[in-house]
Every structure is written in C-alpha cells, then in structure tokens.
Amino acid sequence: MRLTLFTDFALRALMRLAGEPTRSFATTEIAAEFGISRNHLAKIVRNLADSGFITTQRGAGGGFALARPPQAITLGEVVRALENDQALVECFREDGGACVLTPRCRLKGRLAAAREAFLRELDATTLAECAYPARPKVVKSVQA
C-alpha cells in the first residue's frame with residue numbers, strides 16, 4: 001500500500017509533535033524543519049484538527065499541538081482518517097469503478113485482506129513509539 005504525500009507529511013508533523021507533546025508549534029517552524037510547503041502544511045494541520053488529532057490556536061502565541069497523548073494515537077487511526085478517500089484500486093472506489101473483472105474477480109478480496117493487515121500493523125504502533133525528537137541546539141562557544 002502506498003500512502004499519499006499528504007498522509008506522509010501529516011505523519012511527519014505528528015511524529016514531531018509527539019517528540020515534545022506538551023509544546024505548541026507554529027506551522028512555519030514545522031514546514032522549515034521538514035522542508036514542506038507552509039501552505040500545504042496548513043491544509044494538513046486543518047485536516048488533522050478536523051480529525052481530532054491536534055488542537056489549533058490562532059493569533060500571537062498560537063500554533064498547534066497534540067489533542068491527546070501520543071500513547072493514545074495509533075498510526076492506523078491516522079492513516080484511516082487521512083486515506084479514507086483514497087481507493088487502493090479502482091474497484092474499491094465508492095462508485096465501484098469501471099473494472100470489467102469485478103463480477104468474477106478473485107483479486108479484490110485478497111487486496112482488501114492485505115490492506116486490513118497493513119492497517120492492523122499500524123494499529124499496533126502508537127505515535128509515541130515513532131516520536132521524532134527536537135534537534136539538539138548547537139551552542140557556539142566564545143573563546144577569549
């Protein structure tokens with residue numbers, strides 16, 4: 001299974017938040033740290049907030065932070081929330097797609113089982129286990 005770039009960036013942002021779970025982050029900070037477009041990250045933040053994974057606060061001192069402890073968020077639930085509209089293959093689309101094999105296809109059931117196995121594996125992993133810590137700050141020493 002391949003995740004969209006949107007979900008990949010969302011997981012990166014959540015992993016970073018999990019590295020400092022009590023802290024609030026600015027979109028520009030995360031975007032710069034991971035080399036992600038700030039506008040694209042803003043869309044991701046909105047989606048993560050709508051899905052209940054993060055809280056946001058506008059204005060001075062605002063930003064976004066985890067809505068729950070990282071131990072209480074599984075990668076599986078994040079992927080399900082963000083990839084819900086992405087069909088694995090055409091016949092998985094809501095409209096059923098236009099695959100001519102659909103009536104007698106023997107592949108669809110196996111693909112569905114593989115997708116569920118993939119998500120079960122992600123369900124067994126929490127965000128806390130994948131936390132991405134802050135980079136250590138480099139302190140320049142001044143020699144006399």
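The numbers here are math on the coordinates, done by the rules we state, and not lab data. No experiment lies behind these values; they were computed from the predicted model shown. A quick note on method: Cβ atoms are made from the backbone with ideal geometry, for glycine too, and the neighbour counts reach across all protein chains shown.
Assorted remarks:
- The amide H of Ala67, built 1.01 Å from its N in the peptide plane, has Ile54, Thr55 as neighbours under 5 Å, considering only residues 5 or more places off or on other chains.
- In a simple Cβ point-charge model (Lys, Arg +1; Asp, Glu -1; nothing else charged), the stretch 1-61 has a dipole of about 120 debye relative to its Cα centre.
- Taken over the stretch 1-79, the percentage of Cα pairs per 10 Å bin, counting from 0 up to the bin with the maximum distance, is 18, 59, 22, 1, 0.
- Selected from Thr28, Gln86, Thr7, residue furthest toward positive end of dipole (the stretch 5-130; charges at beta carbon): Gln86
- Stokes-Einstein diffusion coefficient of the stretch 5-130, Kirkwood radius over Cα pairs, 4 °C, 1.567 mPa s, in µm²/s: 81 µm²/s
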